[in-house]
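> Structure incoming, see below.
The values are calculated or read from the model by the stated rules, or taken from the named source; none is laboratory data. Predicted, not measured: the structure shown is a model, and the values here were computed from it. Cβ atoms come from the backbone with ideal geometry, glycine included; neighbour counts cover every protein chain shown.
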Amino acid sequence: MAPNTPKLLDEDGYELWLRYALIEDTVLRTQYENALQAITFNVTSPTQQAAMDELMRGMTGLLTGRPIATSSVIHDGTLLVGTPQSEPAIAALELHDALETLGDEGYALLSQSIAGKRCTIITANSDIGLLYGSFALLRHLQTHRSLHNLHVLSAPQMRLRMLNHWDNLDGTIERGYAGFSLWDWHKLPHYIDPRYCDYARAMASIGLNAASLTNVNANALVLTKAYIAKAAALADAFRPYGIRIYLTARFSAPLEIGHLDTADPLDPNVAHWWQQTAAMIYEAIPDFGGFVVKANSEGQPGPHDYGCTHADGANMLADALAPYGGTVIWRAFVYDADVTEDRHKQANNQLVPLDGAFRDNVLLQVKNGAIDFQPREPFHPLFGRMPQTPLVLEVQLTQEYLGFATHLAYLAPLFKETLDADTYCQGPGSTVAKIVSGELDGHPHSGIAAVSNIGNDRNWCGHPFAAANWYGFGRLAWDPALTSDGIAEEWIRMTFSNELQIVDEILAMMLPSREAVVNYMTPLGLHHIMARDHHYGPGPWVDMGRADWTALYYHQADADGIGFDRTSSGSNAISQYFPSYAAMVSSVETCPETLLLWFHHVSWDHVMASGRSLWEELCFAYDEGVGMVRQMQARWTALEGLIDSARYEHIKALLRIQLDEACWWRDACLLYFQSISGRPFPAQIEQPGGTLADYMAITHYYVPGIPERRF
Ligand code: GCV
């Protein structure tokens, strides 16, 4: 740091990407100040008030440091905000063509001359559109984009843009690594933590419009009157920000809290109980979104317990919600402990025959891949196979398999990989994005959901960079065509700085970061080889318990080779994909090497594109992953003095942990696989620091993210 550079004020990350720090480039700031001298906004609703408050807060921070004037008279430099209904000056502009493209949530940002005065306009067909537009204008300023000839028309591609919180009523979070739950159930409904409002602001700023509050491994208590009142208080806090709440419905709730002797979905008493429960919820929460349901999966109760199908179960709940416009989001993450079939195939086997059997208000929520949020998975073969059923894509922000909250892994590239994947279901170009947006099959419902990475840590997501995944998810949910680079750049500019050196260095850290994790954990299509239960650290030797929860089941390493044969000579899971994709991945020659061991059992001596043997390639990939973390460290330390020291030191320490753990992953996995392959390590890679026995002896207790009862 130069000797006279003033010390940057420490930041704790609470403000996320909504810091609104004063723009120091005085030329640019003056341009903005001239363009935005006063605001005209005839506020008539709580959502409009939220938009007004945000604009005042944002412009005050970014521009003058003083509150912006409000005025009912239009001058040069007026920011005019309103719908044609709320603002006569906007109605007079007759913006029909623009407004028609915006639907009920989109917005327009326009430079417009009104009676000879130069104005900037935020308009929309709805109040929530105005709020989204206000955040968009602030993003424009925060990222230093020009206000000259502004003509932005933007509308979301997905109707449902949702976070799934896996929060338990006792405050713990399943797979949550950023502290405990934000929802203080004990003090609700009477104490409304101001943080709920900041949560809602952050959600709305990226266009998210729904939150499921509770763990899908559900507790029926949340459906009792006392908890519904608590949920209603949260719904009230979120409503101005356009966020509808959902609750997880435990299928056996009629038994547990309804005092019935069955939860059989075809039993009229059970259906009646759910109807009464729905009535009670809607009385308290008139805009309640509906239920998210995990049934007959990993020990959760469900319709199979009564010899019924997923459609029977989902439809019974859907009928209870239908009078109020609610939906059932039924999870497709279903697989059975008693079924020996490749877990990869089970969801398709169970659900594809039910296409067309679900009510109109049932959406099927499908994880990005068929196994479970691995660092890299091929897209789920259900996409494209259920054209009569609206599918919601589910991704995971919380880094259950990507290093918890200690590893920097920017996940927009992972989400994009799935969204852009071509299923070929209706010929080339039938991407997952087009399926879940409803475009391909003409569904009115469409959506995308993400398992939240938010907790009560001061910086929300534990790792300061994990907030980029929350941000990136929201931006892609709004527009899946955005690029990972573009989203990262926005986030960096808003979270850290617009200084080019800072933007470039951090971008160069973020973009390859997910690939680094893939390399040092599960390269070349390896999957599910983490430690048992808590999933923290490597465990390629895990072989106890049900087969499909062991690592051996997934890597299938033996003296000849490694990988899961999912071709016709193996489990034939590949046959569930459409022919063009299936043909590509079914041949070792044409299968992308990044997925090779996902689909094939391959000889250790197989020659890879690089000319190395598979064994050598594996060694190099693991080692490269570690090297990539070292590069991230070097880039970060180059920024010393340019980032406030609180965030700088925090991230530096986390990168140190990440490096240690990357080495742990590499060494443990390579030593274990070497014990099977019997081949030497290439001399060019760093040699392991311990023995296999050392790594296998590592035991962790009380790892975050799982309830204590599991030990
Ligand atoms: C909520 C994985 C996780 C579980 C999670 C499950 C699911 O299996 O390890 O913690 O349970 O996915 O998505 O339902």
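> From the list L500, L507, which residue is without any contact (Cβ under 8 Å) to a residue 12 or more places away in the chain and surrounded by fewer than 24 Cβ atoms within 10 Å (Cβ to Cβ)?
Details: L507 fails: without any contact (Cβ under 8 Å) to a residue 12 or more places away in the chain.
So the residue among L500, L507 that is without any contact (Cβ under 8 Å) to a residue 12 or more places away in the chain and surrounded by fewer than 24 Cβ atoms within 10 Å (Cβ to Cβ) is L500.
> R175: among the basic types (K, R), in a loop (DSSP other than H, G, I, E, B) and within 16 Å of the ligand (Cβ to nearest atom), yes or no? Before the answer, list the steps.
Values: among the basic types (K, R): yes; in a loop (DSSP other than H, G, I, E, B): yes; within 16 Å of the ligand (Cβ to nearest atom): yes.
Taking the combined requirement at face value, the residue satisfies it.
> Next question, about the same structure. Is the range 650-663 home to any residue that is acidic (D, E) and more than 30 Å from V602 (Cβ to Cβ)? Walk me through how you get there before you give the answer.
First, the residues of the range 650-663 that are acidic (D, E): 660-661.
Cutting the leftovers down to more than 30 Å from V602 (Cβ to Cβ) gives us 660.
Yes - at least one qualifying residue is present in the range 650-663.
> Here is a follow-up. Could you tell me whether T224 is within 16 Å of the ligand (Cβ to nearest atom), β-branched (V, I, T) and not assigned by TED's automatic domain parsing to the domain that holds H534?
On the way: within 16 Å of the ligand (Cβ to nearest atom): no; β-branched (V, I, T): yes; not assigned by TED's automatic domain parsing to the domain that holds H534: yes.
No.
> Give, as residue ranges, the helices (runs of 4 or more DSSP H) completely inside the range 6-91 that count at least 2 residues that are within 22 Å of W491 (Cβ to Cβ) and not aromatic (F, W, Y). Reasoning before the result, please.
Details: elements: 26-35, 46-59, 88-91.
It comes to 26-35, 46-59.
> Same structure, new question: Which condition number in (1) among the basic types (K, R); (2) in the same structural domain as L141 (by TED's automatic domain parsing); (3) touching a residue at least 40 places away in the same chain (Cβ under 8 Å) is the one that R57 fails?
Of the numbered conditions (1) among the basic types (K, R); (2) in the same structural domain as L141 (by TED's automatic domain parsing); (3) touching a residue at least 40 places away in the same chain (Cβ under 8 Å), the odd one out for R57 is (3).
> Another question, if that's okay. Is one or more of the residues making up the range 105-117 closer than 24 Å to L62 by Cα and either part of a loop (DSSP other than H, G, I, E, B) or in the same structural domain as W478 (by TED's automatic domain parsing) (or both)? Talk me through it step by step, then tell me what you get.
Initially, the range 105-117 is screened for residues closer than 24 Å to L62 by Cα, giving 107-112, 117.
Now narrow it down to the ones that are either part of a loop (DSSP other than H, G, I, E, B) or in the same structural domain as W478 (by TED's automatic domain parsing) (or both): none.
Checked against the condition, which is being closer than 24 Å to L62 by Cα and either part of a loop (DSSP other than H, G, I, E, B) or in the same structural domain as W478 (by TED's automatic domain parsing) (or both), the range 105-117 yields no hits at all.
> Now for a different question. Find all pairs meeting these conditions: Cβ atoms under 6 angstrom apart; at least six residues apart or on different chains; first residue within the range 233-262 and closer than 17 Å to R201 by Cβ; second residue acidic (D, E) and modelled with pLDDT of 95 or more.
Note: pairs meeting the criteria are R244/D287.
> Considering the range 330-339 alone, what residues qualify as being touching a residue at least 12 places away in the same chain (Cβ under 8 Å) and more than 13 Å from the ligand (Cβ to nearest atom)? I'd like the intermediate steps shown before the answer.
First, pick out the residues of the range 330-339 that are touching a residue at least 12 places away in the same chain (Cβ under 8 Å): 330-337.
D336, the sole residue that qualifies.
> Here's something else I'd like to know. Look at F251 and say whether it is assigned by TED's automatic domain parsing to the domain that holds S212, more than 12 Å from L213 (Cβ to Cβ), within 16 Å of the ligand (Cβ to nearest atom) and surrounded by 18 or more Cβ atoms within 10 Å (Cβ to Cβ). Spell out how you get there, then give the answer.
Numbers: assigned by TED's automatic domain parsing to the domain that holds S212: yes; more than 12 Å from L213 (Cβ to Cβ): yes; within 16 Å of the ligand (Cβ to nearest atom): yes; surrounded by 18 or more Cβ atoms within 10 Å (Cβ to Cβ): yes.
It is true that F251 is assigned by TED's automatic domain parsing to the domain that holds S212, more than 12 Å from L213 (Cβ to Cβ), within 16 Å of the ligand (Cβ to nearest atom) and surrounded by 18 or more Cβ atoms within 10 Å (Cβ to Cβ).
> Also, quick follow-up: Answer yes or no as to whether P301 is buried (at least 20 other Cβ atoms within 10 Å of the Cβ) and within 16 Å of the ligand (Cβ to nearest atom). Walk me through it before giving the result.
Details: buried (at least 20 other Cβ atoms within 10 Å of the Cβ): yes; within 16 Å of the ligand (Cβ to nearest atom): yes.
When the stated conditions are applied, P301 passes them.
> Answer yes or no as to whether G77 is in contact with a Cys (Cβ under 9 Å, 6 or more places away or on another chain) and either charged (D, E, K, R) or more than 19 Å from L109 (Cα to Cα) (or both).
Criteria not met by G77.
> Within the range 409-463, track down each residue that is free of Cβ contacts under 8 Å to residues at least 24 places away in the same chain and surrounded by 19 or more Cβ atoms within 10 Å (Cβ to Cβ).
Those that are free of Cβ contacts under 8 Å to residues at least 24 places away in the same chain and surrounded by 19 or more Cβ atoms within 10 Å (Cβ to Cβ): T431, K434.
> Just one of D264, D287 is among the charged types (D, E, K, R) and out of contact with any Lys or Arg (no Cβ under 8 Å at 6 or more places or on another chain); which is it? Break it down into steps so the answer makes sense when it comes.
Details: D287 fails: out of contact with any Lys or Arg (no Cβ under 8 Å at 6 or more places or on another chain).
Of D264, D287, the one residue that is among the charged types (D, E, K, R) and out of contact with any Lys or Arg (no Cβ under 8 Å at 6 or more places or on another chain) is D264.
> Residues that are farther than 23 Å from L138 by Cα, at least 1 per element: which helices (runs of 4 or more DSSP H) completely within the range 193-274 meet that? Write out each step before concluding.
Values: elements: 194-205, 225-238, 253-256.
Counting at least 1 such residues, we get 225-238, 253-256.
> State the number of residues belonging to the range 357-400 that are within 15 Å of H528 (Cβ to Cβ), surrounded by fewer than 24 Cβ atoms within 10 Å (Cβ to Cβ) and of a type in the set (G, A, S).
Qualifying residue count for the region: 1.
> Please find, within the range 227-248, the residue that is nearest to R159 (Cα to Cα) out of those that are hydroxyl-bearing (S, T, Y) and within 16 Å of the ligand (Cβ to nearest atom). Let's see the steps before the verdict.
At the first step, the residues of the range 227-248 found to be hydroxyl-bearing (S, T, Y) are 227, 241, 246, 248.
Now narrow it down to the ones that are within 16 Å of the ligand (Cβ to nearest atom): 246, 248.
On the way: Y246: 15, T248: 20 Å.
This residue is Y246.
> Take the range 78-95 and flag every residue that is touching a helix residue (DSSP H, G or I) at 6+ places or on another chain (Cβ under 8 Å) and either hydrophobic (A, V, I, L, M, F, W, C) or surrounded by 18 or more Cβ atoms within 10 Å (Cβ to Cβ) (or both).
Here is the first cut: in the range 78-95, the residues touching a helix residue (DSSP H, G or I) at 6+ places or on another chain (Cβ under 8 Å) are 79-86.
Selection gives L79, L80, V81, G82, T83, P84, S86.
> Going through the range 278-298 one residue at a time, which ones are buried (at least 23 other Cβ atoms within 10 Å of the Cβ), outside any loop (DSSP other than H, G, I, E, B), more than 16 Å from the ligand (Cβ to nearest atom) and free of Cβ contacts under 8 Å to residues at least 60 places away in the same chain?
A278, I281
> Could you tell me how many of the residues in the range 361-381 are in a strand (DSSP E or B) and more than 12 Å from the ligand (Cβ to nearest atom)? Steps first, please.
We begin by selecting, within the range 361-381, every residue in a strand (DSSP E or B); these are 362-367.
Still in the list and also more than 12 Å from the ligand (Cβ to nearest atom): 362-364.
Adding up the residues that qualify gives 3.
To keep it simple, each residue is scored yes or no on (1) buried (at least 19 other Cβ atoms within 10 Å of the Cβ); (2) assigned to a helix (DSSP H, G or I); (3) touching a helix residue (DSSP H, G or I) at 6+ places or on another chain (Cβ under 9 Å).
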site	(1), (2), (3)
S575	no, yes, yes
L597	yes, yes, yes
D605	no, no, yes
S610	no, no, yes
E616	yes, yes, no
D623	yes, yes, yes
V626	yes, yes, yes
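> Hey, can you tell me all the residues within the range 639-688 that are charged (D, E, K, R) and in a loop (DSSP other than H, G, I, E, B)?
Of the residues in the range 639-688, the ones charged (D, E, K, R) are 640, 644, 647, 649, 652, 656, 660-661, 666-667, 679, 686.
Answer for the range 639-688, where residues must be charged (D, E, K, R) and in a loop (DSSP other than H, G, I, E, B): D644, R679, E686.
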